[in-house]
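Reviewing the structure listed below.
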Amino acid sequence: MKLDQTSKSMLMLLGVLAAYMLSIGLINALFGGEKYGDTLMDFSTGTNRVKNLLSLAAGLATGLGISIMLQERQAERRKRPEGELGATKKVLSKDERKIVEELEKTEEITQDSLRFRLGWSKAKVSAVASALDRLDVVQRQREGKTYIVKLSKRFRTVKQTEKI
């Protein structure tokens with residue numbers, strides 16, 4: 001599952017809070033003293049200050065760990081081809097691959113826009129897009145005098161599928 005930036009931030013924040021809550025509870029259980037709720041964010045006494053600072057440090061370390069884990073996961077995802085689409089792209093011609101790569105960036109685009117982005121003639125864009133449509137790599141949908149081109153359903157990411 002691919003997470004957007006907001007979800008990643010929320011996951012890190014949740015991790016920090018959970019680690020803080022668990023560590024303050026653990027410290028209170030091990031070293032005794034006040035009830036669990038009495039020491040939460042209480043910096044008034046020296047003992048509570050130390051307990052809270054240790055718990056905050058544990059929470060921040062957990063957040064940093066989650067952040068590193070998410071970055072490594074994202075870097076790993078960039079390295080490997082996207083499953084079936086990656087394998088399909090290997091057997092496509094250079095021109096077909098260019099159209100597919102544009103569709104990965106934009107999700108859907110008109111043939112006219114493809115023409116300008118790639119600097120190709122109208123006929124070339126039409127021929128290559130038609131070939132990809134026959135191979136069921138892309139779907140073309142008539143829109144006025146042009147076509148809207150998008151990846152076939154089997155190649156769309158979760159994010160692209162949710163928009164439809």
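Here, each number is a calculation from the coordinates, and none is a lab measurement. These figures come from a predicted structure and were not determined experimentally. FYI the Cβ positions are ideal-geometry reconstructions off the backbone, even for glycines, and counts take in every protein chain you see.
Some observations on this one:
- Computed E for Gln141/Leu64 - FRET, C-beta separation, R0 35 angstrom, nearest 0.05: 0.15
- Glu104-Lys122 pseudo-label distance in nm [points 7 Å out on the Cα-to-Cβ vector]: 3.0 nm
- Those residues of segment 42-66 whose amide nitrogen sits under 16 Å from the label point placed on Ala29, 7 Å along Cα→Cβ: 55
- Only Lys, Arg (+1) and Asp, Glu (-1) charged, at Cβ; the chain dipole about Cα centre in debye: 900 debye
- Close amide-amide hydrogen proximity is noted between Thr110 and Val149, each under 5 Å apart and 5 or more residues distant or on a separate chain (H modeled in the peptide plane; Pro and chain starts excluded).
- Based on DSSP H segments of at least four residues, each scored -39500 (n - 2.57), the chain has a per-residue ellipticity at 222 nm of -22500 deg cm²/dmol.
- A dipole drawn for segment 5-135 from +1 and -1 charges on Cβ atoms has a positive end, and of Leu85, Gly32, Ala58 the residue lying farthest that way is Leu85.
- Simple Cβ-charge dipole of segment 83-163, Lys/Arg +1 and Asp/Glu -1, about Cα centre, in debye nearest 20: 120 debye
- Relative contact order (%) - the chain, alpha-carbon pairs under 8 angstrom, separation at least six: 18 percent
- Shown here: Rg and Dmax of the Cα atoms in Å, derived from the displayed model; of the candidates [x] 15.4, 41; [y] 26.0, 80; [z] 17.6, 55, it corresponds to [y].
- Candidate membrane-span-like segments in the chain, meaning DSSP H helices with Cα atoms spread over at least 24 Å of their own axis and a Kyte-Doolittle mean of 0.0 or above, are 5-31, with no membrane implied.
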